[in-house]
Amino acid sequence: MSTFKVHTATCPACGHTGWKVEIAQGLHITRLPEIKQQLLAGTFQTHRCPKCEAPAVFEAPVVYTDFDRGEYVAVENARTGNWQAAITRHQTVFRDCFELGPPIAQEMAARFKRRIVYGYRALREKLLVWDAGLDDRAVEAVKGDLLADEGEAPREVVLRVSRILDGGHLLFSLHDPVPRPAEVPADQPFVLALPPARDFLTATADRVAARMRDVASATRDYPWLQDDWFVDLHDGPSYLYQ
Ligand SMILES: [Zn+2]
């Protein structure tokens, strides 16, 4: 079931408060194609302040499921900063729902791609990548290769797929990492101002194809991409060494 609840919003840019937005409590996209369109367009739960018109995204934890396509993505936000606890929680839910369920649920579990992501931009990226028939581990490795070319470390910047260009080239937008907020009550969304991308980088289709032909090379070069749930270049190192 997907449900929405009304949230009283405060603008992260000007502090204007008292306006209302709707926040999703759970998502099952198989039944909600219009939500998938909003996710792909980058407009999902993005609202402009009625006073200063600055855009902000209201991120609440949701589980994105697409049963037809075998996709199960648990979306956390910067507030829920502990990987291990989040993964353990979602593994338990997944096991209770699928692996310990009737035979048909067990069959489903075996073919599901399971992921945990932080933020809607990261969810959007998974959907774009899978819709294009790409393996997300290969794409994460391509990001690492691009950053190495630029002399940047995966912890200092965040690359997300912005668009897939004609010919299969990948256009990435480059962002500053989202800092963990001091405190957000558990029942409140994490509200994130949306500054424009700092820069863009392009990976050629050849480069992407080379990683796709040898996906094992991705986990060889970036070992933290082997995780069953958490496939993200940037937070991998901190996940690995914490
Ligand atoms: Zn405002």
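The values are calculated or read from the model by the stated rules, or taken from the named source; none is laboratory data. Predicted model, so just to flag it, every value in this text is computed and none were measured. In this analysis, Cβ positions are derived from the backbone assuming ideal geometry, glycine residues included, and neighbour counts consider all displayed protein chains. SASA here: full protein model, heavy atoms, side chains in, ligands and nucleic acids out. Shrake-Rupley method; radii C 1.70, N 1.55, O 1.52, S 1.80 Å.
Numbers for the structure displayed
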| item | result |
| --- | --- |
| Residues of region 183-197 classified as touching a residue at least 24 places away in the same chain (Cβ under 8 Å) and under 18 Å from the mean Cα position of the chain (by Cα), total | 7 |
| Matching residues, region 160-182, being under 17 Å from ARG79 (Cβ atoms) and free of Cβ contacts under 8 Å to residues at least 60 places away in the same chain | PRO177, ALA182 |
| Failed item in (1) of a type outside the set (Ser, Thr, Tyr); (2) modelled with pLDDT of 95 or more; (3) farther than 20 Å from ARG124 by Cα, with PHE200 passing the rest | (3) |
| Some residue of region 35-48 being within 16 Å of the ligand (Cβ to nearest atom) and over 17 Å from the mean Cα position of the chain (by Cα) | yes |
| Selection from region 49-63 of residues that are in contact (Cβ under 8 Å) with a residue 12 or more places away in the chain, surrounded by fewer than 21 Cβ atoms within 10 Å (Cβ to Cβ) and within 16 Å of the ligand (Cβ to nearest atom) | CYS49, PRO50, LYS51, CYS52, ALA54, PRO55 |
| Residues that are open to solvent by less than 50 Å² (accessible area, probe 1.4 Å), more than 23 Å from PRO179 (Cβ to Cβ) and not in a helix (DSSP H, G or I), drawn from region 197-228 | ALA203, TYR222, ASP227 |
| Count of region 149-167 residues which are among the small types (Gly, Ala, Ser) and either buried (at least 17 other Cβ atoms within 10 Å of the Cβ) or in contact with a strand residue (DSSP E or B) (Cβ under 7 Å, 6 or more places away or on another chain) (or both) | 1 |
| Scope region 169-196; condition outside any strand (DSSP E or B) and open to solvent by less than 30 Å² (accessible area, probe 1.4 Å); matching residues | VAL184, PRO189 |
| Neighbours by Cβ (under 6 Å, 6+ apart or cross-chain): first from region 1-30, open to solvent by 60 Å² or more (accessible area, probe 1.4 Å); second within 16 Å of the ligand (Cβ to nearest atom) and of a type in the set (Gly, Ala, Ser) | PRO12/ALA56; PRO12/ALA193; ALA13/ALA54; ALA13/ALA193 |
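Here is a yes/no grid of residues against (1) at negative phi; (2) small (Gly, Ala, Ser); (3) open to solvent by 60 Å² or more (accessible area, probe 1.4 Å):
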{"residue": "PRO102", "(1), (2), (3)": "yes, no, yes"}
{"residue": "ALA109", "(1), (2), (3)": "yes, yes, no"}
{"residue": "GLY119", "(1), (2), (3)": "no, yes, no"}
{"residue": "LEU147", "(1), (2), (3)": "yes, no, no"}
